[in-house]
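Presented below is the structure to which this report refers.
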Amino acid sequence: MAVTEATLAEAMAALGSLLVQFLQMALVLALSPLLTGVVRKVKARLQRRQGASVIQPYRDLRRLMGKEVVLADNASWLFRVAPYFIFASTWVAATLVPTFATGLLFSWSGDLIVITALVGSARFVQALAGMDIGTSFGGLGASREVMIASLAEPAMMMIVFCVALIAGCTQLSTIAGFMLSEAVGLRVSLALALVALIIVAVAENSRIPVDNPATHLELTMVHEAMVLEYSGRHLAMIELASSVKLLLYVSLIGCIFVPVGLVHGSAPRAAYAIGIVAWLAKLAVGGTLLAVLETSVAKMRVFRVPNFLGAALMLGLLGVLLLFVSRGM
Amino acid sequence: MISLVALCVLALLVLALLGAVTALMPVGRVLVYGGSLVLCLVLLVAGLASLDTTVQRVTLPLGLPWIGAHLRLDALAAGFLVLIGLGGAGASLFALGYGRHEHAPQRVLPFYPAFLAGMVLVVLADDAFLFLFAWELMSLASWALVMTDHQAEGTARAGFVYLLMATFSGLTLLLAFGLLAGAQGGYDFASMRQAHPTGLLAALVFVLATIGAGSKAGLVPLHVWLPLAHPAAPSHVSALMSGVMTKVAVYGFIRIVFDLMGGPVWWQAVVVLALGGVTAVLGVLQALMEHDVKRLLACSTIENVGIIFIGLGLAMAFQVNGFIAGAALAMTAALFHAFNHTLFKSLLFFTAGSVLSATGTRDLERLGGLIHRMPPTAVVALVGCMAISALPPLNGFASEWLIFQAVLLRPDLPQWGLKFMLPVDGALLALAAALAAACFVRLFGIGFLGRPRSPAAAEAQEVDRFSIAAMAVFAALCLLAGLFPGAAIDAIAPIVDLLLAGRMPVQLADPWLTIAPIAASRSSYNGLLVATFIVVSTTIAAVGIHRLASRAVRRAPIWDCGFPDARPITQYSGASFAQPLRRIFGAVVFRAHETVDMPAPGETRPATIRKTIHDPVWDALYAPLVGLVTWAAEAMNVLQFLTIRRYLAFVFAALVVLLLALTLWQ
Amino acid sequence: MHSLSFDIAHMLAGGLVLVSFLMLYQDRLYALLNVLALHALVLALSVAWQAHIQDAPHLYITAAIALGFKAILIPWALRKMVFRLGIHREVETVVSIGLTMLAGMALVALSLQVMLPVTAQADPVAREDIALALSVVLIGLLMMVTRRNAVSQVVGFLSLENGIIFAATGARGMPLVVEISVAFSVLIAFIVVGIFLFRIRERFDTVDDAALDQFRGGRS
């Protein structure tokens, strides 16, 4: 009898953690369009425009999903599968980032490197989808996207190295736990990594000054050029994936550099409320800062981007170098 | 078990003879490739079975009378036997169908089994004589295969450069073994293991072995022959050369440095790490500039060899510092990546062969739209491209993830050279991985997607069933190795144990099949779970939207901002796709330069853009060498036009000088 | 060891190196001058912090000098100069920015490697300060070597000098006289360079120092 009770309790606990895991996945998905809406709204207000409502992205998604898909005559199966795959791998990557709680049920299925690589998978497929129809814009977008990625990904890896060397692991839950502890202190390498991560996040999310999410001017398009042929529900998936990706990076910066308020997965359920509130606050602050950044700088020429991202790569490398050479840093 | 393997080698050699006899008959192809397929499968099973058993030895009364031929099957040999068996079986299966397109089967069939036999013998050899014999057999047989299409442009040069480099590599290995054997001349490996060379001698052996094995593997700066020779051979042989022969070279390096020499010194680790990092980045950059599909794949082989050597260098670095757990992780990662590279590079060469036989061209700029014409080939090519780009959940990612973990393991190594090399190599590895993804987006996007750029591509026909079967098996293996990396790591463990006397923790013990190099709280990866998540969420999203929102589809002309151009030439080409990267990296590394010739308004001549690329290694190292050789040849040319009397005088003088030397010596 | 005072000193030192890298990254003159001001500001903060933890009030004077002269006066003067001379407002580089930064990275590694073993006995703050100061000096030199424009060379020189001051304050017991004389010499140097700039400009209508080359004797 006692045995069955124990197993029952265990099963309940497992079910509970499964539910929390699903809650996080659902929250990530549900909140990401809101974050995009907030960024757009703040940007509009900063530019002294009224701007659309913060829930406009939800309406857009709903409208797009209900529409029929207009496919180019020579679109292949890859073109049709790609949006779902892009969405799925971005979403999986985003759910691996501790948002309000660390050490969730599946958090160990991937570390920071896996998250980076999953985002890379999405980009790989997106670039291919851009080339599927065989238009000059699609090729242009894909070509520029891989150029940006070829510098942003190593920069991201350098940031991962930096953080992992300081925390002694690449597991985000453990990193967040370490960052909360007293052992961290102020470190130059972390500061360098933060600057680099912001640059990478801006580039990865196709934000000004690297790319402009709102542009349809041929010469400056990168991301938009790749998805030019998409419509209807496919476009909705891609837009949703972009929103999730933005949320991913804001959460990631929050989780590593401002882990305040993160609760551990084994904490009582009531504590989650604190975690969620802290997370929401981080998202709001992150979104606002992004809007301010986008309003205050001008978009770069495409061939200035390599220098910008190269700087991120150098900063990351410098941080790692400092860590390797002097343990005090 | 070892006698079975030896019998297989013998059977392969017999098959080579049979191939020579029956080459011109249709049955010859089936006989040679079918026989090789069966024998390779036997080798594969034998290798798998011997991974975990004790060392087996046998001495055959062949070769030099006072040495004999020592064969030995230990875990390391067994591991590479698996690679050869797997790669050989795949290539043979592919060739059963692909071989039909060969114009001159008599130039391929006799050498193909001999090439396989040579590779197996290298792995089995337990004395220097047999090792070098097998090494040369492997080199010469593959040279003959490279020269198959000897009338094609560039093949003669490729063959010449390859032969030169192969001879050079054999020579350096000969010297290395000579030094290892010492004055007593113990040419069997068992006695070499006893005598640990030290100091200058060890340094010399290391340098010679690195040059010898590295030039076969394609380490920069000894890689120049590789992008010439590998593509020149028939595609299934290219797959063997890139996927398997480079691994045999890696085997040679591991055997000498980790086994025979008995432990590295720290500066050697620095050298290997530096060579590996430079090789990885330079190889992939070169691949990005290529527009010949097979050359592109050959260049990417250089990159992957670089990655494997980074892993080996890390293993050396940790071993030097007595950090065996770390060394085991790095060695496992290197061997796992070698295995993975065999899988996906063979697969990609098979697809290149299929495309070649379907369209008659290897030029990326003349392909396009093949996903419509060759759907199965396109699917497996996509799997190969994603695997080699190190994307989860495929196998390339699993092994590169392990290498990254090894880099991050231990930053506090005491030697300053290693302290700097580790982060720099991490950065180079990350750069190479990102560039590889760009490179294979380009390969797949230009080759298989878009609209056909030539009539041949527009009318391509899917290839035969044997080829598709071979490609499908390898694609499935890429996926399996990515989903269950723990199984591969555990299989590799005995090899690592043999080399380093330590191993990674058992991975399959985890109920969820997660791999964790040290502990799950430090770093863990579960390919199966990640793949499941992706598949489930893709399905949910697709089914949900189709059910709840809309499933209507309307086909329409291309949109393209309202300016669609019917001509396929307006698409991005391979050259234009790579242009941004060529500008960023190529301008620095390859002195890439573009000149645009724009006619004035009213002129009718076409505008042209011309790009020039210089290979820095060739310019700095080989061009002066070629100049030197030419100069020496010119200078010696006089000797060719002497009278017989003078030649006799030379012979006489040489004899007298030698006799004099002999007297003075005493 | 990870006390707060150490952390902050360390952070400021790293910040100085970071700003040096920012300087290498800039390709507009005005932005470069802003970064120079930032460099001096970080230096002033760092020196002030040193004054606090070393309990050496005279270092506050050094900090004030750094703030007043280098963070405000000199950038302002240079800005006016660029404006009045109508100098081309882009930084003209000899080597590409990416490569320069890579070289800068190597220099940081080098200086850490040179300094850390030598100063093994010194206290950790001074130890890292000196290593990082050396990298600031080297990056300043690198900047002077790889930029064509005389103004950016002046900026490189000033950042180099910041590095020297930083090294000097990191070591305890640095007499005030030395610092003042260093600061004074820089001022003189600045005036000389300023006059120099005006003269080049008067003669050649450019401040690209390559224009001077044709007046050198001989062919070398």
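Here the 3J(HN,Hα) profile of segment B:271-279, calculated from phi with Karplus coefficients 6.51, -1.76 and 1.60 at θ = phi - 60°, is 4, 5, 4, 5, 4, x, x, 5, 4 Hz, Gly and Pro shown as x.
Magnitude of the charge dipole for the protein assembly as shown, about its Cα centre and with charges confined to Cβ atoms of Lys, Arg (+1) and Asp, Glu (-1), is about 2260 debye. When each of the peptides C:103-116, B:193-206 is scored by how many other beta carbons lie within 10 Å of its residues on average, the order from highest to lowest is C:103-116, B:193-206. Could you please state, rounded to a whole Å, how far the C-alpha centre of segment A:1-79 is from the C-alpha centre of segment B:475-542? Answer, in whole Å: 29.
The modelled label-to-label distance between A:ALA6 and C:ASP55, using points 7 Å beyond Cα along the C-beta direction, is 6.1 nm. Each of the peptides C:138-149, B:32-43, B:421-432, B:651-662 was scored by the mean count of other Cβ atoms within 10 Å over its residues; in descending order, highest first, they stand as B:421-432, B:32-43, C:138-149, B:651-662.
Normalised radius of gyration (Cα atoms, divided by 2.2 N^0.38 Å) for segment B:41-193: 1.17.
Listed values for segment B:309-318 are Karplus-derived 3J(HN,Hα) couplings in whole Hz (6.51 cos²θ - 1.76 cosθ + 1.60, θ = phi - 60°), namely 5, 4, x, 5, x, 4, 4, 5, 4, 6, and x replaces Gly and Pro.
Shown here: chain B, whose C-alpha atoms stretch 96, 70, 58 Å along the first, second and third principal axes, sorted largest to smallest. Amide H of B:ASP292 versus every other amide H placed in the peptide plane: which residues, excluding those fewer than 5 positions away on the same chain, fall under 5 Å? Amide H to amide H, under 5 Å and 5 or more residues apart or across chains, B:ASP292 pairs with B:LEU364. Here the Karplus curve 6.51 cos²θ - 1.76 cosθ + 1.60, taken at θ = phi - 60°, turns the phi angles of segment B:567-582 into couplings of 7, x, 5, 6, 5, 5, 9, x, 5, 6, 5, 7, 4, x, 5, 5 Hz, with x standing for Gly and Pro.
Placing a label point 7 Å from the Cα of B:ALA487 along the Cα-to-Cβ line, the residues of segment B:522-546 whose backbone N sits under 20 Å from it are B:525-535.
Here A:LYS282 is the anchor, and the lysines within straight C-alpha reach of less than 22 Å, apart from those fewer than 8 places off in the same chain, are A:LYS41, A:LYS43, A:LYS245. Over chain A, the alpha carbon radius of gyration divided by the compact-protein estimate 2.2 N^0.38 Å works out to 1.03. The convex hull built on the alpha-carbon positions of segment B:502-645 has an orientation-averaged projected area of 26.4 nm².
Descending by average beta-carbon neighbour count within 10 Å, the peptides B:390-403, A:173-186 line up as B:390-403, A:173-186, the highest first.
Between A:THR170 and B:SER523, the built amide H atoms are under 5 Å apart, and every one of these is 5 or more places off in sequence or on another chain. For A:LEU71, the residues 5 or more places off, or on other chains, whose built amide H falls under 5 Å of its own are B:ARG554, B:ARG555, B:ALA556. Shape analysis of segment C:32-108 places it in the oblate category; the axes a ≥ b ≥ c from the Cα gyration tensor give an a/c of at least 1.5, with a/b not above b/c. The slack in the chain from B:TRP267 to B:LEU639, taken as 0.36 nm per residue of separation less the alpha-carbon distance, amounts to 129.4 nm. Computed extension length for B:GLN415-B:ASP497: 27.0 nm, one decimal, from 0.36 nm per residue of separation with the Cα-Cα distance subtracted. For the protein assembly as shown, evaluate the Debye formula with one uniform point scatterer on each Cα (no solvent term) and list log10 I(q)/I(0) at q = 0.06, 0.08 Å⁻¹, rounded to two decimals. Debye curve over Cα of the protein assembly as shown, log10 I(q)/I(0) at q = 0.06, 0.08 Å⁻¹: -0.55, -0.97. The overall shape of segment B:616-665 is oblate: from the C-alpha gyration tensor, with semi-axes ordered a ≥ b ≥ c, the ratio a/c is 1.5 or greater and a/b is no larger than b/c. The label-point distance for B:CYS561 and B:PHE168, in a model that sets each label 7 Å from Cα toward Cβ, rounds to 4.9 nm. Dividing the Cα radius of gyration of segment B:287-358 by its Kirkwood radius returns 1.17 for Rg/Rh.
Across peptide B:414-421, the average count of Cβ atoms from other chains found within 10 Å of a residue's Cβ is 3. Shielding of peptide B:365-371 by partners, expressed as the average count of other chain Cβ atoms within 10 Å per residue Cβ, is 2. Kindly provide the Kirkwood hydrodynamic radius of segment B:104-193 in Å, to one decimal, from all pairs of distinct alpha carbon atoms. The answer is 14.2 Å. Reported to the nearest whole Å, the Cα centre-to-centre distance from segment B:174-200 to segment B:27-95 is 26. For segment B:241-347, what class follows from the C-alpha gyration tensor (a ≥ b ≥ c being the square roots of its eigenvalues): rounded when a/c is under 1.5, otherwise prolate if a/b is larger than b/c, else oblate? Verdict is prolate for segment B:241-347. Here the simple spin-label model places points 7 Å from the Cα toward Cβ, and for B:ALA183 and B:ALA623 these points are separated by 4.7 nm. Charging the Cβ of each Asp and Glu at -1 and of each Lys and Arg at +1, and nothing else, the dipole of segment B:415-484 about its Cα centre rounds to 200 debye. Residue-normalised convex hull volume from the C-alpha trace of segment A:215-329: 179 Å³ per residue. Look at the stretch A:45-54: the mean tally of other chain Cβ atoms within 10 Å of its residues' Cβ atoms is 0. A helix-only calculation puts chain B at -22000 deg cm²/dmol for mean residue ellipticity at 222 nm, using -39500 (n - 2.57) for each DSSP H run of at least four residues, averaged over all residues.
Every read-out reported here was derived from the displayed coordinates using simple, explicitly stated rules and does not represent laboratory data. Only a predicted model underlies this, so the values are computations on that prediction, with no experimental measurement involved. Cβ sites come from the backbone with ideal geometry, for glycine too, and all protein chains shown count toward neighbours.
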